[in-house]
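The values are calculated or read from the model by the stated rules, or taken from the named source; none is laboratory data. Everything quoted here is computed from the prediction, not taken from an experiment. Here Cβ is always computed from backbone atoms with ideal geometry, including for glycine, and neighbour counts include all displayed protein chains. Protein only, heavy atoms only, side chains kept; ligands, DNA and RNA dropped before computing areas. Shrake-Rupley method; radii C 1.70, N 1.55, O 1.52, S 1.80 Å.
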Amino acid sequence: MLQQRTLKSLTRAVGVGLHSGQRVELTLRPAPIDTGIVFRRVDLANPVDIPVNAQSVCDTRMASTISPNGDPGLPKVNTIEHLMSACAGLGLDNLIVDITAEEVPILDGSSASFVYLLQSAGIELQKAPKRFIKVIKPVEVREGEGRTLKWARLDPYHGYKLAFEIDFDHPAVDQTGQRVEFDFSSGQYKRDIARARTFGFAKDFEVMRARGLGLGGGMDNAIVVDDHRVLNSDGLRYDDEFVKHKILDAIGDLYVVGRPLLAAYSAYKSGHALNNVLLRALLADPSAYEIVTFDDEAKAPKGMAELAPAW
Ligand SMILES: [Zn+2]
């Protein structure tokens, strides 16, 4: 049987929020079968649990933000996507995330630090079948037209793969690549995707700071570009790091559905908002998906049965 997974032991991280610049502590804890991923605001007098699911996403303007049932009036956690991406990359089903502020720490701007933390805690198999959402009918969402067109879609596929294209008119991106594909059957999430950092223009960081956002952002946790080049002195981690980060984000955005997908995702200039619209469109059509388990691991798509090797 292909089993659910949680952590073997708890692990902690301390960092700052990208937007708030606030110090925040995370404690990642093992969780029972069928818990899913639950954020717990332990800084509040009465701690509030926020289970992650497609309906809990309440804001996608700068990052993916969740609150209980997506109610914007209730306590929130924002910038969950890199941690969610790491959980998807390691196939973690059940996890409690204690957090002491409203924003997940940005750490190095990628998901590599989260992968390292989760793998250091160890991964434990649980005695219950891992449930997948198998896409059985294409689902597509579009926004805008001409130069503002964006789209994202899911197609049936025995496995999980993603293809992402950006159209970022910048000399540093033109040289490196606007399109990337990643298939989970390679087993190489950590090597090929996890290290890709978020990116932004130096001038946008200034505008954000003036609005009280991006206060924790800088070259330690983002690729910063001006109109001509990458400003980080150590350059890029991957030649196509920009578009790889968009795949990293999409993996995290889609994992808020609470179960791993069996699907081929493809997208053009999508982002947190459109990825969430895509998930809601999938869930709104019960004939577009089914929940599946694998009694026989040999029948599971390649890459889904293997635990990621220790860091
Ligand atoms: Zn990101």
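Remarks
- Under the condition of being crowded, with 19+ Cβ neighbours inside 10 Å and either in a strand (DSSP E or B) or modelled with pLDDT of 95 or more (or both), the residues counted in the range 119-129 number 0.
- The range 224-235, subset in contact (Cβ under 8 Å) with a residue 40 or more places away in the chain and assigned to a strand (DSSP E or B), residue farthest from the ligand (Cβ to nearest atom): 230
- Residue that is nearest to the chain's Cα centre (by Cα) [pool: residues in the range 269-286 that are under 21 Å from residue 130 (Cα atoms) and open to solvent by 20 Å² or more (accessible area, probe 1.4 Å)]: 283
- Scanning the range 130-154 for residues that are open to solvent by 40 Å² or more (accessible area, probe 1.4 Å) and not basic (Lys, Arg) yields 136, 138, 140, 143, 144, 145, 146, 148, 151.
- Odd one out for residue 206, checked against (1) part of a loop (DSSP other than H, G, I, E, B); (2) closer than 24 Å to residue 23 by Cβ: (1)
Results for (1) of a type in the set (A, V, I, L, M, F, W, C); (2) away from the ligand (no atom under 16 Å from the Cβ); (3) at pLDDT 90 or above, shown as yes or no for each residue.
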{"site": "240", "(1), (2), (3)": "no, no, yes"}
{"site": "249", "(1), (2), (3)": "no, no, yes"}
{"site": "255", "(1), (2), (3)": "no, no, yes"}
{"site": "268", "(1), (2), (3)": "no, yes, yes"}
{"site": "274", "(1), (2), (3)": "yes, no, yes"}
{"site": "282", "(1), (2), (3)": "yes, yes, yes"}
{"site": "285", "(1), (2), (3)": "no, yes, yes"}
{"site": "302", "(1), (2), (3)": "no, yes, no"}
{"site": "306", "(1), (2), (3)": "no, yes, no"}
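- Once the range 236-268 is narrowed to residues that are in contact with a helix residue (DSSP H, G or I) (Cβ under 9 Å, 6 or more places away or on another chain) and part of a loop (DSSP other than H, G, I, E, B), the residue that is most open to solvent (accessible area, probe 1.4 Å) is 237.
- Each residue in the range 10-51 was checked for being assigned to a loop (DSSP other than H, G, I, E, B), at pLDDT 95 or above and either of a type outside the set (A, V, I, L, M, F, W, C) or within 16 Å of the ligand (Cβ to nearest atom) (or both), and 7 of them qualify.
- Residue within the range 167-183 that is under 19 Å from the mean Cα position of the chain (by Cα), buried (at least 17 other Cβ atoms within 10 Å of the Cβ) and either under 24 Å from residue 59 (Cα atoms) or among the basic types (Lys, Arg) (or both) present: no
- Residue selected from the range 94-118 under the condition within 14 Å of the ligand (Cβ to nearest atom) and within 21 Å of residue 41 (Cβ to Cβ), by the criterion surrounded by the most Cβ atoms within 10 Å (Cβ to Cβ): 106
- Listed by first and then second residue, the pairs linking a residue in the range 32-49 that is farther than 20 Å from residue 80 by Cα to a residue that is open to solvent by 40 Å² or more (accessible area, probe 1.4 Å), with Cβ atoms under 8 Å apart and 6 or more places separating them unless they lie on different chains, are 33/127.
- Tally, over the range 287-304, of residues that are surrounded by 16 or more Cβ atoms within 10 Å (Cβ to Cβ) and part of a loop (DSSP other than H, G, I, E, B): 5
- Selected residue (criterion: surrounded by the fewest Cβ atoms within 10 Å (Cβ to Cβ)) from residues of the range 53-93 that are more than 16 Å from the ligand (Cβ to nearest atom), among the aliphatic types (A, V, I, L, M) and in a loop (DSSP other than H, G, I, E, B): 74
- Residue tally, condition part of a loop (DSSP other than H, G, I, E, B) and among the acidic types (Asp, Glu), over the range 165-184: 2
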